[in-house]
Protein chains: 2
Amino acid sequence: MTGGARLPAAARALLSGDRRALARLMTQVENHDPAVLPVLRALYPKTGRAHVIGLAGPLGVGKSSVVNALLAHLRKLGTTVAVVAVDPSSPFSGGSVLGDRIRLERDPGDAGVFIRSMASRGRAGGVSAATREVVRLLDAAGFSVILVETVGSGQVDIEIRDIASTSVVVLVPHLGDEVQTLKAGLFEIADVFCVNKADLAGADLAARDLSELVGLGAPRDGWRPAVVVASARDGTGISELWTAIAAHEKFLDADPKRRAAAERTRLATELVELVRERYTESAREELSEASRSHWLDDVAARRTDPRTAADGIFERQHAPKARRRRP
Amino acid sequence: MTGGARLPAAARALLSGDRRALARLMTQVENHDPAVLPVLRALYPKTGRAHVIGLAGPLGVGKSSVVNALLAHLRKLGTTVAVVAVDPSSPFSGGSVLGDRIRLERDPGDAGVFIRSMASRGRAGGVSAATREVVRLLDAAGFSVILVETVGSGQVDIEIRDIASTSVVVLVPHLGDEVQTLKAGLFEIADVFCVNKADLAGADLAARDLSELVGLGAPRDGWRPAVVVASARDGTGISELWTAIAAHEKFLDADPKRRAAAERTRLATELVELVRERYTESAREELSEASRSHWLDDVAARRTDPRTAADGIFERQHAPKARRRRP
């Protein structure tokens, strides 16, 4: 498992710093190409070293600008950085809407940076397996920091906690009434709040309100979220933002059990999702069989209600195979 | 099944127009109270008569105002209307964020109107089973039109097609760059576009652009989406909006197979989701067993990768029970 000679060629290329091999593996992951599975398996022991930082927040708060500014800041510090932008995706095309049009400024010759856009959701809900696998490829490729940016959908935002060791929630001083309500979910995932657009009136007031709210709650697992005011456009506060993120990462490392426990929780969620994905395939297969055996006819004609039909399909598939064969 | 005497008391109360019984059943649905299941089963044959109209669109376009204006318009026509507002929900609290704070103007004494807020997502992704069941309760209670409003998350918006026979996508003349990208998904679900805030500059231009885009594509299942300009605030265009919605409903009824085929597709999706939900429960149970048998230990220590572990868990559970008992 650890001997380099036994690794698949694509895995060896990735580990040697071949960026085109990295990009090709990502494309295979996105296309659900089964040929990538042995490579992912071989690379898995090489992962777990990167700091995976999630950035979430409502549409229009300037998350991309914050990512851009953090990227520039980290490169100045000499840290290698990868960015994964998780886009809203159409369930029809299955593809990424933003595609490669991510608007990050970068030096194309800088091998210490890698940027990738991804479609947002797995078929069974939750952070897509593809997003996790792309992050692991970047981790194995040796990037020190991986910034995972969600592109503004409440549920996907909240699921960032399932992939990142530190979650940053980006907000602006003024948000509409509806967006305020989204905060209720976001509030619970934030390790760090970033109030962006510090130049807007009310930024300090918003930060003070947030700090008060944070102060009211009990610390979550011993950590009380930090609140940082920034202006990604001119770089104000970005150094402080990174300091706050790094402080949370240090907090995780302060007690060796703490980071391990957090990672174990994330892995448990991932396993449930992967097992569920397998079951979903079974459910779909069973339903096409079920159509033939008139479950759907009965429901459409209102002779059977959907739950009774679902129970019937489940019981039938779940029963021991021997019993199914002898009716 | 059809004899009133054999219906559960709560079902009889709902059918007799008892609004408090209706509200109580909805609360039971939201609380996953198993006592509601026989009532839902008994009422299922009484459903399928209401026109279920979905309204989706980005945050801040004034969907609630459009719903409000449609509600007032339909009441003037003498049509009974129910509104279900599907809210962004926190996966932590499980509850609805907006709660009962939906800002619809209504006459509290008007028995022809019923309004309910719901949490947005099922645990296994997709339109929550609870949303479908609340819509069915309203359908059985005799409301002619059920307006289902999503509160601004891309994925939930798109899933409105899984519940509504006509989907309305609400937009405003000017939207940010990121929101534009969301349209890519919304475009594919719209039976009717409503360009709201007609008083804003560019409304007519936006409507013309949309109409051109709609004209470029092939009709979907024989229907080409209508584009209506409205101003929900002063009621401009709301009558035209309803005419466009009603035209799509008439189109569905013009060929008797058309509505049946669309409903069958929605029911097939629902069955897959319900079966998946049952499998997800199994996956969770198996994982807690799996923790004991060290799957998670192996993944956390990077001795096994997550997919291999998930395959192991799945194969183990999926094998005939007899084989599992004798190792």
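Only the coordinates and a few stated rules stand behind these numbers; no lab work does. Computed from a predicted model, the values in this text were never measured in an experiment. Please note: Cβ atoms are built from the backbone with ideal geometry, for glycine as well, and neighbour counts cover all protein chains shown.
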- Two-site FRET efficiency, A:T243 against A:D204, from Cβ-Cβ distance with R₀ of 22 Å, rounded to 0.05: 0.75
- Place the label 7 angstrom along Cα→C-beta at B:D221 and in each other copy, then list the distances from the first to the rest in nm, shortest first. 4.4
- Averaged over B:258-271, number of beta-carbon atoms from partner chains that fall within 10 Å: 3
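So what is the diffusion coefficient of segment A:6-45 in µm² per second by Stokes-Einstein at 20 °C and 1.002 mPa s, using a Kirkwood Rh over Cα pairs?
Numbers: Rh = 10.0 Å.
Once the numbers are plugged in, D ends up at 215 µm²/s.
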- Query: For segment B:205-219, what does the Karplus curve 6.51 cos²θ - 1.76 cosθ + 1.60, with θ = phi - 60°, yield as ³J(HN,Hα) per residue in whole Hz, taken in order and with x for Gly and Pro?
  - Reply: 4, 4, 5, 5, 4, 4, 4, 5, 4, 4, x, 5, x, 6, x
- Message: Using a 7 Å offset from Cα along the direction of the beta-carbon, what are the separations from B:R259 to the same position in each other copy, nm, ascending?
- Response: 6.1
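Averaged over peptide A:131-138, how many Cβ atoms belonging to another chain are found within 10 Å of each residue's Cβ? Display every interim value, and only then the final one.
Working: counts 0, 1, 3, 0, 0, 2, 0, 0.
The mean count of partner-chain Cβ atoms within 10 Å per residue comes to 1.
Pairs A:K63/A:K250; A:K76/A:K197; A:K46/A:K257; B:K46/B:K197; A:K76/A:K257; B:K46/B:K250: which are spaced more than 28 Å apart, C-alpha to C-alpha? Don't skip to the end; give the middle numbers.
Details: A:K63/A:K250 24 Å; A:K76/A:K197 22 Å; A:K46/A:K257 20 Å; B:K46/B:K197 38 Å; A:K76/A:K257 32 Å; B:K46/B:K250 21 Å.
The pairs that break the limit, which is 28 Å between Cα atoms, are B:K46/B:K197; A:K76/A:K257.
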- Message: I'd like to compare A:267-278, A:216-227: which one has the highest average count of other Cβ atoms within 10 Å, and what's the full order after that?
- Response: A:267-278, A:216-227
- Query: What is the calculated FRET efficiency for B:D221 to A:N31, with r their C-beta to C-beta distance and R₀ = 22 Å, to the nearest 0.05?
  - Reply: 0.15
